[in-house]
1. Give the whole-number value, in cubic angstrom per residue, of the convex hull volume spanned by the C-alpha atoms of the chain.
2. Name the lysines eligible as straight-distance cross-link partners of LYS312: C-alpha to C-alpha under 24 Å, and not fewer than 8 places from it in the same chain.
3. May I ask for the angle, rounded to the nearest 10°, between helix 325-341 and the longest principal axis of the chain, with both axes built from Cα atoms and the value confined to 0 to 90°?
4. Calculate one ³J(HN,Hα) per residue across the range 36-49 by plugging θ = phi - 60° into the Karplus curve 6.51 cos²θ - 1.76 cosθ + 1.60, and present them in order as whole Hz with x for glycine and proline.
5. GLU294 versus HIS157, label points 7 Å from Cα toward the beta carbon: distance in nm?
6. Apply the Karplus curve 6.51 cos²θ - 1.76 cosθ + 1.60, θ = phi - 60°, to the phi angles in the range 271-288 and return the couplings in whole Hz, x for Gly and Pro.
7. Could you tell me the calculated FRET efficiency between PHE341 and ARG137, based on Cβ-Cβ distance and R0 = 30 angstrom, to the nearest 0.05?
8. What angle, in degrees between 0 and 90 and rounded to the nearest 10, separates the Cα long axis of helix 218-227 from the longest principal axis of the Cα atoms of the chain?
Amino acid sequence: ESGGGDHIGWSSLSAGGRVPLGLKRKSLRIVVTGGAGFVGSHLVDRLIARGDSVIVVDNFFTGRKDNLVHHFGDPRFELIRHDVVEPILLEVDQIYHLACPASPVHYKFNPILDSLICGAHKTNVVGTLNMLGLAKRVGARFLLTSTSEVYGDPLQHPQAESYWGNVNPIGVRSCYDEGKRTAETLSMDYHRGHGLEVRIARIFNTYGPRMCIDDGRVVSNFVAQALRKEPLTVYGDGKQTRSFQYVSDLVEGLMRLMEGDHVGPFNLGNPGEFTMLELAQVVQEVIDPNAKIEFRPNTEDDPHKRRPDISKAKELLGWEPVVSLRKGLPLMVSDFRQRIFGDQKDSDA
Ligand code: NAD
Ligand code: UDP
Ligand code: UDP
């Protein structure tokens with residue numbers, strides 16, 4: 001897809017449908033909440049490159065200015081330090097709502113609101129309500145980044161969007177799972193009740209450069225451990241599975257979803273499924289064949305398996321991931337190496 005006016009053809013990435021590329025596409029004003037985070041900052045890169053104006057709203061709970069510093073000084077870019085739990089007035093065409101403490105160490109240790117930083121549940125509920133209220137007031141299109149966690153510890157495999165899930169409402173993960181489920185409910189209520197244009201993405205495990213290094217997610221843990229010459233910590237017996245998606249595939253899916261005509265929900269994930277032991281093996285191949293594996297007790301309510309059924313996104317969005325785990329992992333190694341060791345020479349970037 002090209003946002004410029006230099007091709008003959010059609011742009012699939014326009015606000016209200018397709019516009020001939022000979023006529024320059026109107027530049028959009030887009031809010032990205034959580035835009036200083038891992039996924040959000042990659043999305044911002046693509047939107048700016050396409051020619052749109054972007055306002056990032058982020059409270060820097062896990063996000064970092066470093067992820068966006070290359071846009072500072074660009075008149076089409078604006079960064080607002082703001083917690084989405086508080087109302088905000090902005091005039092925009094589209095809202096990508098990503099703000100959320102997204103990794104287990106962050107949401108488990110801060111499950112409900114405390115005075116300064118916001119827990120996952122309150123962010124998901126009150127933050128999403130505010131962004132929906134904003135979208136309603138200005139008539140903006142609203143995209144929610146939900147999660148595969150809405151399927152809980154799934155009894156159906158692979159998971160299709162029609163599956164209602166198996167979620168513990170009172171467990172340690174519930175603030176996240178149930179928060180996102182409520183966010184989906186709110187989005188559909190605003191869609192049905194107020195005619196709001198909404199889009200819902202259910203994102204499966206995603207990795208890539210700019211991931212938080214010490215947030216406890218398995219890919220960032222293993223990569224950082226291998227680089228630091230520490231053992232790879234496999235929880236439980238390591239036979240539980242996940243399906244890992246490279247961040248550029250996700251961003252492409254989110255943009256297609258926003259620009260398309262379908263509400264969703266859509267699973268956005270890579271169907272390639274790995275046990276945690278297999279993942280550890282890939283990390284050994286890519287970073288350090290001598291890396292040791294150390295078993296640790298698993299965490300509570302850990303889903304046993306997870307793999308997206310992406311038939312719906314393939315058919316209706318024309319989307320599927322193109323970067324395999326073995327291709328994608330090496331792409332995050334130099335970023336991690338630089339952030340862990342600072343300026344030291346990166347020998348195999
Ligand atoms: P991230 O932690 O890197 O980014 C989240 C961003 O939201 C951070 O910049 C953080 O500072 C900001 N934020 C958190 N609470 C906020 C608040 N109350 N107000 C304003 N900003 C706030 O995580 P990510 O991996 O980039 O995740 C982005 C979105 O995608 C999240 O909604 C997450 O639930 C969803 N998701 C991610 C994955 C994944 O594997 N990365 C999987 C499923 C869903
Ligand atoms: N809201 C906001 N920005 C806006 C419009 C609304 O933050 O531009 C917030 C508003 O403060 C409210 C929430 O969004 O808490 C829901 O707004 P809505 O108008 O849908 O509901 P109401 O205020 O009528 O309950
Ligand atoms: N995990 C692991 N070692 C780690 C971190 C996580 O074996 O150092 C496991 C964890 O128990 C889970 C899987 O990896 O089964 C994915 O965990 P993550 O927190 O990355 O994502 P989520 O559970 O949210 O899918």
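1. 140
2. LYS180
3. The angle comes out near 80 degrees.
4. 8, x, 4, 5, x, 5, 5, 5, 4, 3, 5, 5, 5, 4
5. Between GLU294 and HIS157, the simple spin-label model gives 2.9 nm.
6. Rounded to whole hertz, the list is x, x, 9, 10, 6, 5, 5, 5, 4, 4, 5, 4, 4, 4, 4, 7, 10, 7.
7. 0.05
8. 60
The values are calculated or read from the model by the stated rules, or taken from the named source; none is laboratory data. These figures come from a predicted structure and were not determined experimentally. Using ideal geometry, Cβ is built from the backbone for each residue, glycine included, and neighbour counts are taken over all protein chains shown. These area figures cover heavy atoms from the full protein model, side chains too; ligands, DNA and RNA do not enter into them. Shrake-Rupley method; radii C 1.70, N 1.55, O 1.52, S 1.80 Å.
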